[in-house]
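Laboratory data are not the source of any read-out in this text; all were calculated from the coordinates shown. Since the structure is predicted, the reported quantities are computational estimates derived from the model, not experimental observations. Virtual Cβ from ideal backbone geometry, glycine too; neighbours counted across all protein chains shown.
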Amino acid sequence: MEILKYLDVLIGLAIVMLLLSPGVSAFTQVCLWLFNARSGRLEVGLTNLLLQLNGSPYERYDAAEIAGLAPLAPVTFAQPAPQPALVANADASGSLVLTQNVPAMLAMNGGDLLPSLTLPASLPGAPPPVIRLRPRDGAGWQPNPLPLPVALSPTQAQKVAEAVLLHPMLGQPSFWRLPVPRKGEVVEREQLIRVLLGFAANPTAIPAVLKPGSAVTAAMQNLRQILADNGVPDPGRSLADIRDAALRLELTDAAAAAHDRLSRAILQTTRSAFVGRINLWFDHTMDRTTGEYKFRAQLVTLVGALLVATVVQLDSIDLLRRLSTNDKLRDSLVEQAQIQHSRFDQQQQAPASTRDQNELEVAKARRDEIESDLAKLRDPQLAVLPDHFIWQPLPQVSLTRNPAWTPPYSPRLELLVGTTVYPLQPNWSTDPLADIESAIRNSNAPVKAAREKRGAHDHLVLTSRNLGTVQLRSTPGKSETNMLNAAPEWSCNGPVCFDRDLFEQSWRGVLLTWVLLSLGASFWYDALKNLLKLRSTVAKKEEDARISRQTDTTPAPAKPAP
């Protein structure tokens with residue numbers, strides 16, 4: 001069936017991309033680890049979250065009481081434009097409570113409500129009216145005016161966020177004795193609240209910062225003041241209350257999840273604007289941080305896919321062409337796809353490795369996997385990849401003109417490139433080197449021939465396009481009749497070369513490989529799984545139809561008589 005052939009072509013393409021994907025994944029993980037990308041984005045997210053604590057501290061006041069007025073005295077309260085001024089009268093005791101737009105007028109006047117009020121003139125000798133501000137919880141009336149608010153600058157918020165990620169309970173465990181501690185990559189909401197309370201409780205002793213500078217200390221002092229403005233005047237006491245409440249909940253509700261108990265302990269003991277702001281913005285900030293990290297990881301994946309495609313020089317256009325015409329290659333790749341699919345299923349069913357697994361063992365296992373996959377793709381049955389990298393030097397040999405050569409020359413020569421033999425039949429003339437060069441070019445052997453003048457002698461330089469032995473035998477089948485110089489030569493003498501011929505031949509297919517590899521290993525795994533399922537269904541129908549044709553003995557209907 002033609003559809004089965006097309007499915008095999010897609011399966012072959014999918015398994016090749018899947019076998020190359022570990023190289024892209026390894027490059028991406030190494031780059032993200034070296035640049036600590038996840039921690040960097042998390043630090044930016046925490047910085048933005050901490051800046052949300054700079055909201056107006058006047059929001060916690062919902063009413064103002066004016067005492068000491070004359071009975072039934074009128075008071076004018078200028079509300080924010082365009083609302084009209086509000087006129088209210090004191091009660092019989094000379095008191096008045098305002099509940100409208102108090103936070104807005106406090107913010108407009110820097111914490112002082114008096115400029116928004118028009119009070120009646122005080123009687124001679126009488127004390128001036130007293131203004132008090134009431135918090136939303138009704139406890140802790142504050143005299144007017146309030147002190148000027150303290151705010152974290154972006155730089156200070158960044159220093160606090162950095163200290164959070166370096167906290168011993170959040171930072172990454174060190175290995176290989178790195179001199180610089182690595183910041184944490186994950187922080188939970190309840191952890192962040194407790195760490196900030198700990199910083200504010202003792203601004204001069206910061207865990208993981210042995211000698212905090214003046215900038216860090218000033219940031220922690222401002223953090224303490226901000227927590228006080230947001231309803232946490234004693235962070236140390238709040239932290240102790242959270243611990244006590246968590247212990248009580250563990251005794252009374254041991255079956256609940258630990259994070260659930262801790263969350264309830266924080267809400268029961270430290271219900272404040274500070275906790276409200278953190279809880280309100282935390283999930284949104286983490287979602288945005290995750291999205292930004294994924295975007296940067298995708299950019300690194302694109303670079304890794306380009307690097308892998310360029311290094312291995314996989315020509316996807318040529319691969320598709322070969323898959324559509326070579327039945328053996330299709331069958332070999334389909335067989336390899338089934339083997340790899342079984343191996344992937346076994347890996348998913350196996351228990352997950354422990355988080356403290358030796359990093360060197362993980363890196364070695366990943367390296368061995370990449371080398372094994374490349375070896376499979378270079379297997380003679382597949383030969384999907386070139387036998388060398390674009391930066392590897394290629395073997396080069398030369399044939400020196402021998403003045404002792406005299407006719408008649410051998411009518412047949414033999415060129416050996418790797419394990420492949422190419423018969424040559426030169427048309428001998430007066431220039432043997434030119435005749436041999438022409439015969440090599442007509443043989444379509446993977447060898448580039450060029451004439452060079454070295455000193456006083458002419459040379460025919462043969463540069464192989466593949467790795468392996470190159471011989472030119474004057475007698476076919478006899479290696480001892482090799483005519484080429486025995487001294488080893490290479491296409492370039494530097495540590496890194498560039499195979500221009502291979503690049504020019506495959507750069508269009510390499511670009512397609514880059515696009516396909518950038519889709520990611522998960523995409524190709526899912527595609528391979530679905531294609532194998534579809535192939536089994538189509539193959540079963542094709543087999544049933546073939547058996548039916550071979551075993552159907554129903555006689556054909558008789559033709560009607562003329």
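Taking a temperature of 4 °C and a viscosity of 1.567 mPa s, what whole-number D in µm²/s does Stokes-Einstein yield for the range 395-496 with Rh from Kirkwood over alpha carbon pairs? Using the Kirkwood radius from Cα pairs, D works out to 93 µm²/s.
Taking 15 Å as the straight-line reach from the Cα of Lys328, the aspartates and glutamates in range (excluding those fewer than 8 positions away in the same chain) are Asp8, Asp379.
Taking label positions 7 Å along the Cα-Cβ direction at both Trp428 and Asp253, the computed distance is 10.1 nm, reported to one decimal. Ordering Tyr61, Tyr6 from the fewest to the most neighbouring beta carbons within 10 Å gives Tyr6, Tyr61. Remark: the range 55-60, residue by residue, has Karplus-estimated 3J(HN,Hα) of x, 4, x, 7, 5, 7 Hz, where x stands for each Gly or Pro and the curve is 6.51 cos²θ - 1.76 cosθ + 1.60 at θ = phi - 60°. Given the alternatives [x] 48, 26, 20; [y] 81, 33, 23; [z] 53, 24, 21, semi-axes √(5λ) of the Cα gyration tensor in Å as computed for this entry is given by [y]. Decide, for the range 181-246, between rounded, prolate and oblate: order the square roots of the alpha carbon gyration tensor eigenvalues as a ≥ b ≥ c, take rounded if a/c falls under 1.5, and otherwise choose prolate if a/b is larger than b/c, else oblate. Oblate, since a/c reaches 1.5 and b/c is not below a/b. Farthest toward the positive end of the dipole of the chain, out of Ala375, Tyr293, Gly138, is the Cα of Ala375, where the dipole comes from beta carbon charges about the Cα centre. Considering only Gln29, Ala67, Ala88, the residue lying farthest towards the positive end of the dipole of the range 25-112 is Gln29, judged by Cα position with unit charges set on Cβ.
The H on the amide N of Lys448, modeled in the peptide plane, is under 5 Å from the matching H of Thr463, Ser464, Arg465, each at least 5 residues off or on a different chain. Across the range 258-272, coupling constants 3J(HN,Hα) worked out from phi with the 6.51/-1.76/1.60 Karplus curve, θ = phi - 60°, read 4, 5, 5, 5, 5, 4, 5, 4, 5, 5, 6, 9, 10, 6, 7 Hz, and Gly and Pro carry x. The relative contact order of the chain, computed from alpha carbon pairs under 8 Å that lie at least 6 residues apart in sequence, is 17 percent.
Per DSSP H run of n ≥ 4, the term is -39500 (n - 2.57); total these for the chain, divide by its residue number, and report the mean residue ellipticity at 222 nm rounded to 500 deg cm²/dmol. Dividing the helical sum by the residues of the chain leaves -17000 deg cm²/dmol. Neighbour counts of other Cβ atoms within 10 Å put Ile266, Ile370 in the fewest-to-most order Ile370, Ile266.
Legend: ranking of residues Met105, Met17, Met286 from fewest to most surrounding C-beta atoms inside 10 Å; resulting order Met286, Met105, Met17. Figure legend: label point modelled 7 angstrom from the Cα of Gln471 along Cα→Cβ; residues of the range 416-442 with amide N under 15 Å from it are 416-424.
Computed from the C-beta positions of Asp62 and Asp526, the FRET efficiency with R₀ = 60 Å rounds to 0.65.
For the listed residue pairs Lys159/Lys294; Lys159/Lys211; Lys376/Lys540, the alpha carbons are over 22 angstrom apart in Lys159/Lys294; Lys376/Lys540. Computed from backbone phi, the HN-Hα couplings of the range 530-537 come to 5, 5, 5, 5, 5, 5, 4, 5 Hz, rounded to whole numbers (Karplus: 6.51 cos²θ - 1.76 cosθ + 1.60, θ = phi - 60°; Gly and Pro given as x). A Förster distance of 60 Å, applied to the separation of the beta-carbon atoms of Tyr409 and Asp368, puts the FRET efficiency at 0.70.
Amide H contacts under 5 Å for Leu394: Ser491, Cys492, restricted to partners 5 or more places along the chain or on a different chain, H placed in the peptide plane at 1.01 Å from N. The share of C-alpha pairs in the range 155-281 whose separation exceeds 20 Å stands at 48 percent. By the Cβ distance rule of under 4.7 Å, the chain has these cysteines without a partner: Cys31.
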